[in-house]
Amino acid sequence: MTPRFAAPLLLAATLAACNGPPAPQETGVCWQAHRGAAGPPAFTPLARDVGSLENCAVLLEGLRLQGRPQTDGAYQGYFIFVGADAMTSALHAGGVRYPIFQPPQRVVIDRDLRRLMAERGGKMPDADQIGLERR
């Protein structure tokens, strides 16, 4: 390998290592992340046949409202981060996070999720019970 090509390859490898492993990419599956003491998170399916990243984020928000300690997840190659202050997504675990919902939208989502869960005796709604209106 010539020195001219070594530097770009080293830079690319370094950037890839910083970004970490990709999020699961299976179509229509909303994943819940499980973080261990060290290493990348493990993912388990939370729901299948989920129509959008936004719907997956709502399902993860339902877990947060139930008091679950870890409510981050992934959808079709994007990481989803759900916390008390924001719901964001990023292409890489350490990448720039973009808001999924604005605060007024989240207030409405939380109100509707609490109502659905109360109607279901505290259980999470199914993916087919989640639908977002675009206005």
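Express in nm, to one decimal, how much length is gained between GLU26 and ALA38 on full extension, taking 0.36 nm for each residue of separation and deducting their alpha carbon distance.
On the way: separation 12, 0.36 × 12 = 4.32 nm, distance 2.45 nm.
Contour length minus the Cα-Cα distance gives 1.9 nm.
Per residue, how much accessible surface does segment 44-135 expose to a 1.4 Å probe? Answer in Å², no decimals. All intermediate terms of the calculation are to be shown ahead of the outcome.
Details: 5290 Å² over 92 residues.
Value for segment 44-135: 58 Å² per residue.
5 Å is the cut-off here: which amide hydrogens, built 1.01 Å from N in the peptide plane, fall below it relative to LEU46, excluding neighbours closer than 5 in sequence?
CYS30, TRP31, GLN32
Take each of the peptides 56-69, 81-94, 35-48, average the number of other beta-carbon atoms within 10 Å over its residues, and list them starting from the highest. It would help to have the intermediate numbers written out before the result.
Working: 56-69: 19.4, 81-94: 15.9, 35-48: 12.6.
Top to bottom by mean Cβ count within 10 Å: 56-69, 81-94, 35-48.
Which value, in Å³ per residue, describes the convex hull spanned by the Cα atoms of segment 75-135? Mind dumping the intermediate values first?
Working: hull volume 7.1 nm³, N = 61.
Convex hull of Cα atoms, per residue: 116 Å³.
Heavy atoms only, 1.4 Å probe, whole protein assembly: order TYR78, TYR98 by accessible area, highest first. Spell out each step's value before the answer.
Numbers: TYR78 100, TYR98 140 Å².
Listed by decreasing accessible area, they come as TYR98, TYR78.
Would you work out what percent of the accessible area of segment 18-77, with all protein chains in place, is carbon or sulfur (probe 1.4 Å)?
Values: 1440 of 2880 Å².
Answer for segment 18-77: carbon and sulfur cover 50 percent of the accessible area.
The values are calculated or read from the model by the stated rules, or taken from the named source; none is laboratory data. None of these values were measured; they are calculated from a predicted model. In this analysis, Cβ positions are derived from the backbone assuming ideal geometry, glycine residues included, and neighbour counts consider all displayed protein chains. Quick note on the areas: whole protein, heavy atoms, side chains included, nothing else; ligands and nucleic acids left out. Shrake-Rupley method; radii C 1.70, N 1.55, O 1.52, S 1.80 Å.
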